[in-house]
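**Student:** Got a structure here, written out as structure tokens. Questions coming.
Throughout, read-outs are computed from the coordinates displayed, never taken from laboratory work. Since we're looking at a predicted model, the values are computed, not measured. So basically every Cβ, Gly included, is an ideal-geometry build from the backbone, and we count neighbours across all protein chains shown.
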Amino acid sequence: MTVPPKQIASPSPRQNRQSFRTAGVKTFVFMLALLFCACGAQATISYTISIANPDAHLFHVTITVPDVHDQVEVQMPAWNATYQIRDFASRIQDFHAQDERGKSLTTNKVDKQTWRITGDGDLLLSYDIFWDESGPFSSQLNVAHAFINPAEILLYAPTRRNETIKLTFSWNAASKWRSATSLSEIGVGDIQGGPLREQVSWDFTTSSYDELVDAPVEISEFREFTLDGITPPVHVVVHAGNFDKAKLAEGLSRIVRYETQLMGGAPYKDYTFILHIGSDVGGGGMEHANSTAISAGSVDGVIDVAAHEFFHLWNVKRIRPQTLEPVDYTREMYTRALWFAEGVTSTYGAYTLLRTGLWNHGQFYGDIAQQVTELQSRPARLWESVEESSLDAWLEKYPQHNRPEYSISYYNKGQLIGLLLDILIRDDTDNRKSLDDVLRALNDNFARKGRFYNDSPDIETTVESIAGTSFKDFFARYVAGTDEVPFGEVLAKAGLDLKPTSAQRADFGFETSSSFAGTSIIVTSVAPGSPAQQAGIRSDDVLISLNGEPIQRGFGRWLQQHKPGDSVRIHLRRQGQELDITFKLGAQSVQEYRLDELKGANEKQRRIREGLLKGTTN
């Protein structure tokens, strides 16, 4: 995640001829002399990304760093957005540098992600970098499209991160691809002469590297539209086959209208949803200051994720913990606040789906019960706090860490903590105040004043200022501590009845983990003697589909729709070969939870429940 950028420039007249900032059908071929001239005159760092050879999955990057005196260091981020050290530099090929006269320069590698180049004047750096991973957390170049998270592709000069940047894309003129991004377009210029006369360049500008890398780019034959009746404008870019445009537009419109109204107005001049919909696109979403990228198998999946990602416009992109500032791309940045930044955003994702009618009451209650079941099924809840889970986000790339006995999820417990805070605030104030007031106060006192909050202490102080009572014990026991959370007691204050039940749940007989992109579900262990083991499932198998349906991240929900003894056919990849394995699901005794409306709830409990469901106060 990166620093929220300054507001983008207003569209030029040329831009206004389009529905939003999309690049044209044709592009340019990079000309070295022209690039040097333009960069020197503008005194800006310039990047060119060529995607002319998508079959090779190689982005060719050229960087001009102007006004160098003696030497300059450049780095590739080790991480971006997701809290994982991913070492993007490992993907770089053929890095070299030259000066403006074309003389090759000495490049010394300082560490795994840093190069030092000796030279003077305008220096030209170039390299290739390989990416072919689908999903919002990665980058991809293939014959179907290019999706770019700039921090995963572009080196930067650490001492010059705040300088203005020009970004240019190039691809084959014969392609019908266009580009979509939240960056500010600076115009199109024809390159004259010879066979290049039919080609044009599309350029974008940003005020800093941080702003640049907070704006993903989609380049393809996408479909696009603007949501009707919404101001400021919200654009939708869809890379997919057939999809229900009306259903997608209606769902996104409800989300945007509700969350913008809730938070007192939009914090952007212009916003873009970049959506990948299909069976092979992975799953999940990644928030950005003026856009989001979402991958899902269906329109319904997109809408569910969008309710969470759009709320990130406020919570984490602008209502932001001090521990994540300033961004250091070279190392882990530890924060105890992800339970709020991510978990409470999930609270509001569920609220939004409910309060806009995209979910009914049963779906909302079912989601709460499922979240409680998930937390209570993890033994690690007894020794890892939700703050510690936030600190441990950097360990999530290790499959063993994600097992129930090793960790809890700050998404999961954070969502539940947000719900309980809401109920307790409503109970303490006779339903006159709610968690909504806490978020609006944080927005007013921190985001709108350009300030960052001090992790849990500032959250606690803000909750207390709204509720008018102390929440010290609550934060000490359930946020910083590992006491068992009194879900039943607190939910009852909202006229809700939480009941544990014993059940036999279908069981695969193996454990899995997801790749960064979310497209690869990998078997990490197989239960000895299980039907899966007897059928031939092995550790390190990559699962592709279940009963002919593509596997998405979080596919464990699939089990909830099946019973022990049901037959399952798994299509998988093993050491380059694809196999089909069929077996019967096993059984696992589990304790689950069910949430219903409390019979005989008193008048106050009913008012709090109604306020919770509708997002209202008395």
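**Student:** Got a sec to turn the phi values of region 247-263 into Karplus ³J(HN,Hα) couplings, 6.51 cos²θ - 1.76 cosθ + 1.60 with θ = phi - 60°, whole Hz, x for Gly and Pro?
**Tutor:** Karplus values, whole Hz, x for Gly and Pro: 5, 5, 4, 5, x, 5, 5, 4, 4, 4, 5, 5, 5, 5, 5, 4, 9.
**Student:** Follow-up. Using alpha-carbon pairs under 8 Å, 6+ residues apart, how would you state the relative contact order of region 339-427 in percent?
**Tutor:** 49 percent
**Student:** Scan around LEU123 for amide H atoms under 5 Å from its own, H built in the peptide plane at 1.01 Å from N, and keep only partners 5 or more places away or cross-chain.
**Tutor:** Answer set, sorted by chain and number: VAL65, ASP67, VAL68.
**Student:** Identify which of the listed values of log10 I(q)/I(0) by the Debye sum over Cα atoms at q = 0.06 Å⁻¹ was calculated from the structure shown: (1) -0.44; (2) -0.34; (3) -0.40.
**Tutor:** Computed from these coordinates, log10 I(q)/I(0) by the Debye sum over Cα atoms at q = 0.06 Å⁻¹ corresponds to label (2).
**Student:** So what are the ³J(HN,Hα) numbers for region 46-54, from phi and the Karplus equation (6.51, -1.76, 1.60; θ = phi - 60°), rounded to whole Hz, Gly and Pro as x?
**Tutor:** 10, 10, 10, 10, 9, 10, 6, 10, x
**Student:** Can you give the local net charge around THR482? Use residues other than it whose beta-carbon is closer than 15 angstrom to its beta-carbon, Lys and Arg +1, Asp and Glu -1.
**Tutor:** Residues near THR482 contribute -3 overall.
**Student:** In what order do LYS317, LYS499, LYS604 fall by count of nearby beta-carbon atoms within 10 Å, going from fewest to most?
**Tutor:** Going from sparsest to densest Cβ surroundings: LYS499, LYS604, LYS317.
**Student:** Length gain on complete extension for the stretch ALA246 to GLN98, per 0.36 nm per residue less the alpha carbon to alpha carbon distance?
**Tutor:** Gain on extension, ALA246 to GLN98, equals 48.1 nm.
**Student:** Right, another one. Students often forget the sequence filter, so: which aspartates and glutamates lie under 14 Å Cα-Cα from LYS563 once same-chain residues fewer than 8 apart are removed?
**Tutor:** Leaving aside aspartates and glutamates fewer than 8 places away in the same chain, those within reach of LYS563 are ASP507.
**Student:** What are the ³J(HN,Hα) couplings of region 573-583, residue after residue, when phi is run through the Karplus curve with 6.51, -1.76, 1.60 and θ = phi - 60°? Round to Hz, x for glycine and proline.
**Tutor:** 10, 9, 6, x, 10, 9, 9, 10, 10, 10, 7
**Student:** Would you work out the relative contact order for the chain, in percent, from Cα pairs under 8 angstrom that are 6 or more residues apart?
**Tutor:** Dividing the mean separation by the residue count of the chain yields 12 percent.
**Student:** What's the magnitude of the charge dipole for region 222-313 around its Cα centre, counting Lys and Arg as +1 and Asp and Glu as -1 at the beta-carbon? Answer in Debye, nearest 20. Present the calculation step by step, with values, prior to reporting the outcome.
**Tutor:** Working: 6 positive and 11 negative charges, 38 e Å.
In debye, rounded to 20, region 222-313 gives about 180.
**Student:** Zone of THR106 (label point 7 Å along Cα→Cβ, backbone N under 17 Å): which residues in region 64-83?
**Tutor:** 69-74
**Student:** Okay, moving on. Suppose R0 equals 30 Å. What FRET efficiency, 1/(1 + (r/R0)^6) with r the Cβ-Cβ distance, do LYS614 and SER470 give to the nearest 0.05?
**Tutor:** Calculated transfer efficiency: 0.60.
**Student:** With runs of 4+ DSSP H residues as the only contributors, calculate the mean residue ellipticity of the chain at 222 nm using -39,500 (n - 2.57) per run, divided by the residue total and rounded to the nearest 500.
**Tutor:** Values: 15 runs with 153 residues, N = 618.
When only DSSP H runs of four or more count, the value is -7500 deg cm²/dmol.
**Student:** For Cα pairs less than 8 Å apart in space and 6+ apart in sequence, what is the mean separation divided by the residue count of region 214-354, i.e. the relative contact order in percent?
**Tutor:** 21 percent
**Student:** Another question, if that's okay. Suppose each label sits 7 Å from its Cα in the direction of the beta carbon; what would the THR582-GLU549 distance come out to in nanometres?
**Tutor:** In this crude spin-label approximation the distance works out to 1.9 nm.
**Student:** Can I ask one more? Lysines near LYS166 by alpha-carbon distance under 30 Å, same-chain residues fewer than 8 away left out - which ones?
**Tutor:** LYS6, LYS26, LYS103, LYS109, LYS112, LYS176, LYS269, LYS317, LYS449
**Student:** Simple spin-label model, 7 Å along Cα-to-Cβ: SER567 to LYS499 in nm?
**Tutor:** Spacing of the two 7 Å Cα→Cβ label points: 3.6 nm.
**Student:** Report the longest stretch of the chain that contains none of the GluC sites (Glu not before Pro) sitting in a DSSP loop with at most 11 other Cβ atoms within 10 Å.
**Tutor:** Formally, the longest exposed-site-free interval is 1-404.
**Student:** Can you return the lysines within cross-link range of LYS614? Criterion is Cα-Cα under 17 Å, with same-chain partners fewer than 8 residues away left out.
**Tutor:** By straight Cα distance, LYS614 reaches LYS433, LYS493, LYS604.
**Student:** Can you tell me the FRET efficiency between ARG331 and THR524 if r is taken as the Cβ-Cβ distance and R0 is 22 Å, rounded to the nearest 0.05? Write out the running numbers ahead of the final one.
**Tutor:** Working: r = 27 Å, r/R0 = 1.23.
Computed FRET efficiency for ARG331 and THR524: 0.20.
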